[in-house]
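Asks: Below you'll find the structure I mean.
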Amino acid sequence: MITNFILAPVLMHLFTAILLLFFWQKVFVQKVISIVGNSIAFILCLRLFEMTLTNGYLTLQLGGWQAPFGITFMADTLSAIMVLLTALVSLAVGIYSTSSLNISRIKFGYFFIFHFLVMGLLGAFLTGDIFNLYVWFEVVIISSFILLTVGGKKMQMEGAIKYVTMNMLASVIFLTAIGILYGITGTLNIADLAGKVAQVENKGLVTVTSLLFFVGFGIKSAVFPLYFWLPSAYHTPPSAIAAIFGGLLTKMGIYAMLRVFTVVFQPDHFTLTLFSVIAILTLITGALGTINKRSIRRILSYLIVCHIGYLIAGLGLNTELAFVAVIFYLIHDVIVKSNFFMISGIILKMRETVDITRLGSLLKDYPKFSFMVALVLFSLIGIPPLSGFWPKVLLFQETFKQENYVLLAALIVASFVTLFVVIRIWSEAFWKESPKPITEEIDHFASFPLSGKIALIAPVIGLTAVSLFIGLNANNVFKLAEKAAYEMKHPEIYINNVLSTKE
Amino acid sequence: MELLLVILVGAFYSAGIYMMFRRSMVKLLLGLLLLGNGANILIFLIGGITKGKAPIIKPQNTEFLEVYADPVPQALILTAIVISFALTAFAIVLLKRVYTTTGSDDLDSLNIQDLDI
């Protein structure tokens with residue numbers, strides 16, 4: 001179905017950002033505009049999601065130039081899921097940041113850049129043109145650079161250098177891969193590339209190009225060996241920014257991998273083995289990294305790396321059931337990681353630190369909040385029936401069926417280490433007595449006005465409820481993931497939908 | 001012409017990666033710039049070089065009669081140049097700020113925070 005509606009969420013964020021420019025110094029007006037813009041964009045994304053589910057594929061040929069000549073916008077089930085997740089997380093983080101950020105940062109144009117970042121993410125998930133994907137990636141990374149560095153202190157600057165360098169390097173590699181791909185096929189449209197790549201006789205060159213894409217996307221999604229920029233950067237910015245980075249930015253790389261390695265390239269045996277090996281190493285390094293850390297945010301940064309391994313593992317198995325697991329895990333991971341970064345921000349407000357050795361008695365002082373955090377932690381580990389459980393079961397089952405026992409062992413070890421660090425966070429930060437008495441000066445949260453408290457807690461409650469909903473309603477989410485996986489395994493439907501659309 | 005560009009691309013990439021491995025922040029920046037330029041020339045080279053045949057076709061012709069220059073790689077390069085311009089401008093400001101806050105150009109001196117677990 002051809003519709004202009006695909007662009008609506010992207011344009012909504014663009015207009016919100018432009019509108020914010022006119023209220024540069026008026027903090028309250030900025031907050032209101034941002035919340036309204038996010039809410040409308042969320043409704044638009046919900047509508048887009050619903051349209052994709054009922055009509056199948058949505059396409060838009062920009063400027064009326066037929067594919068493969070013009071730039072195509074395309075929404076299939078996978079894109080629709082990602083768009084909906086982005087809208088959900090950006091709404092939650094948008095509300096959260098109205099209360100958690102200090103005024104000087106908002107006056108530096110935080111909301112303005114935030115909406116550009118979300119616009120870039122939505123564009124990347126909806127485009128059907130590989131060079132256009134590169135451009136959206138750049139929109140996202142330049143916004144993320146600014147969010148990461150603005151108003152930063154020394155530690156933030158140090159993390160930012162690694163972040164900026166690695167992301168710029170990834171972009172160059174991605175651009176090189178696009179250049180070579182254009183050289184061997186003469187097209188940039190993802191659907192058109194699929195057919196042309198299959199006709200190329202020099203298979204070695206195709207494999208090398210596909211691996212260049214893997215390296216480019218791999219740096220962005222922090223897989224082994226080029227993951228180190230993530231743990232040294234993600235714990236430095238304020239929690240609201242870390243929440244959107246941790247939830248969505250690495251997943252953008254995974255989305256691009258899923259798209260490129262199902263439609264454009266059909267991975268051969270060598271590539272699949274490589275994915276499995278990389279997945280094992282990512283799982284193990286990420287898991288080991290969490291063990292000796294004391295700051296909750298650092299633990300969380302390494303957990304992101306570790307859990308990216310699950311997604312790469314599913315990509316390496318390359319079966320339909322594995323893709324179901326990957327998509328299910330993606331849905332769970334985006335929500336839980338963003339949520340937990342926001343929770344770490346609230347803990348910082350309650351205790352002035354996120355170092356678990358110096359934290360304590362949170363359960364005694366904030367019992368309701370602690371029980372909610374417990375739910376999030378449980379779904380992070382994957383305790384049934386919460387959201388993390390179902391994709392893990394599927395993935396383990398599929399790995400076992402494929403007789404990839406080393407990978408299975410790595411998946412289980414990573415799961416256990418996650419369990420271990422989560423228990424450590426719980427017992428140190430929530431259960432044990434606080435090592436020093438809690439005074440009024442330390443607990444900033446208690447002195448917040450009621451509206452501020454609501455703005456901090458409501459997004460966390462919302463995302464926790466979504467986690468619970470996914471866990472308890474796993475049947476429907478499974479069906480959704482199954483539909484997306486079916487489409488990924490049958491790229492010809494995607495290709496036909498893009499190439500055969502006539503005005 | 002092609003051979004010359006091939007050598008140039010190779011030189012840009014290798015010099016860029018070599019510069020990125022150095023400890024100085026300025027050299028890191030130069031390395032990134034060289035890599036970006038290398039990628040641009042690679043696209044230009046790989047899109048096929050056709051001399052003096054602008055892709056402008058008379059209205060009465062409905063099909064290509066001879067080989068024309070491909071306009072797409074140039075559009076790609078132009079986009080990439082604009083993006084890398086913005087990124088470089090940002091990177092220069094960032095490195096300047098890091099230099100003023102830490103007072104050092106040495107990248108190895110920036111690893112203090114990784115020791116603090």
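The values are calculated or read from the model by the stated rules, or taken from the named source; none is laboratory data. This one's a predicted model, so the numbers in the text were calculated from it and none came from an experiment. FYI the Cβ positions are ideal-geometry reconstructions off the backbone, even for glycines, and counts take in every protein chain you see.
Asks: Filter the range A:39-59 down to the residues that are assigned to a strand (DSSP E or B) and not β-branched (Val, Ile, Thr) and list them by number.
Replies: Let us first name the residues in the range A:39-59 that are assigned to a strand (DSSP E or B), namely A:58-59.
A:58, the sole residue that qualifies.
Asks: For the range A:219-240, check the following and say yes or no: at least one residue is assigned to a helix (DSSP H, G or I) and free of Cβ contacts under 8 Å to residues at least 60 places away in the same chain.
Replies: Step one: filter the range A:219-240 for residues assigned to a helix (DSSP H, G or I), giving A:219-220, A:229-233, A:239-240.
Next, only the ones that are free of Cβ contacts under 8 Å to residues at least 60 places away in the same chain stay: A:219.
Yes, some residue in the range A:219-240 is assigned to a helix (DSSP H, G or I) and free of Cβ contacts under 8 Å to residues at least 60 places away in the same chain.
Asks: Under 7 Å between Cβ atoms, at least 6 apart or on separate chains: pull out the pairs that start in the range A:83-111 with a residue that is farther than 29 Å from residue A:47 by Cβ and of a type in the set (A, V, I, L, M, F, W, C) and end on any residue that is part of a helix (DSSP H, G or I) and modelled with pLDDT of 85 or more.
Replies: Correct list of pairs: A:101/A:110; A:101/A:240; A:103/A:27; A:106/A:27; A:106/A:30.
Asks: Considering each residue of the range A:360-395, count those that are in contact with a helix residue (DSSP H, G or I) (Cβ under 6 Å, 6 or more places away or on another chain) and more than 25 Å from residue A:462 (Cα to Cα), and give that number. It would help to see each step written out before you state the result.
Replies: Of the residues in the range A:360-395, the ones in contact with a helix residue (DSSP H, G or I) (Cβ under 6 Å, 6 or more places away or on another chain) are A:362-363, A:370, A:372-373, A:375-377, A:379-382, A:385-388, A:390-391, A:394-395.
This time we only want the ones that are more than 25 Å from residue A:462 (Cα to Cα), so: A:394-395.
Residues flagged as in contact with a helix residue (DSSP H, G or I) (Cβ under 6 Å, 6 or more places away or on another chain) and more than 25 Å from residue A:462 (Cα to Cα) within the range A:360-395 amount to 2.
Asks: Okay, moving on. Which residue is surrounded by the most Cβ atoms within 10 Å (Cβ to Cβ), if the candidates are limited to the range A:229-248 and must be of a type in the set (A, V, I, L, M) and touching a Phe, Trp or Tyr at 6+ places or on another chain (Cβ under 9 Å)? Even if it seems obvious, please write down each step before you answer.
Replies: Here is the first cut: in the range A:229-248, the residues of a type in the set (A, V, I, L, M) are A:230, A:233, A:240-244, A:248.
Subset that is touching a Phe, Trp or Tyr at 6+ places or on another chain (Cβ under 9 Å): A:230, A:233, A:240-244.
Numbers: A:230: 27, A:233: 26, A:240: 28, A:241: 26, A:242: 27, A:243: 30, A:244: 28.
Checked the range A:229-248; the qualifying residue surrounded by the most Cβ atoms within 10 Å (Cβ to Cβ) is A:243.
Asks: Out of the helices (runs of 4 or more DSSP H) lying entirely within the range A:105-188, which hold 3 or more residues that are within 11 Å of chain B (Cβ to nearest Cβ) and within 19 Å of the chain's Cα centre (by Cα)? Explain how you work it out, then say what you get.
Replies: Details: elements: A:110-126, A:130-149, A:154-185.
It comes to A:130-149, A:154-185.
Asks: I've got another one for you. Return yes or no: is residue A:446 outside any loop (DSSP other than H, G, I, E, B), surrounded by fewer than 17 Cβ atoms within 10 Å (Cβ to Cβ) and at pLDDT below 85?
Replies: On the way: outside any loop (DSSP other than H, G, I, E, B): yes; surrounded by fewer than 17 Cβ atoms within 10 Å (Cβ to Cβ): yes; at pLDDT below 85: yes.
Spelling it out, residue A:446 is indeed outside any loop (DSSP other than H, G, I, E, B), surrounded by fewer than 17 Cβ atoms within 10 Å (Cβ to Cβ) and at pLDDT below 85.
Rundown of residues vs (1) within 12 Å of chain A (Cβ to nearest Cβ); (2) over 30 Å from residue B:107 (Cα atoms), yes/no style:
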| position | (1), (2) |
| --- | --- |
| B:7 | no, yes |
| B:42 | yes, no |
| B:56 | no, yes |
| B:62 | no, yes |
| B:68 | no, yes |
| B:75 | yes, yes |
| B:80 | yes, no |
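Asks: With the range B:12-117 as the region, which helices (runs of 4 or more DSSP H) entirely inside it contain at least 3 residues that are touching a helix residue (DSSP H, G or I) at 6+ places or on another chain (Cβ under 6 Å) and surrounded by 15 or more Cβ atoms within 10 Å (Cβ to Cβ)? Give the derivation first.
Replies: Details: elements: B:25-46, B:71-102, B:112-115.
Those helices (runs of 4 or more DSSP H) span B:25-46, B:71-102.
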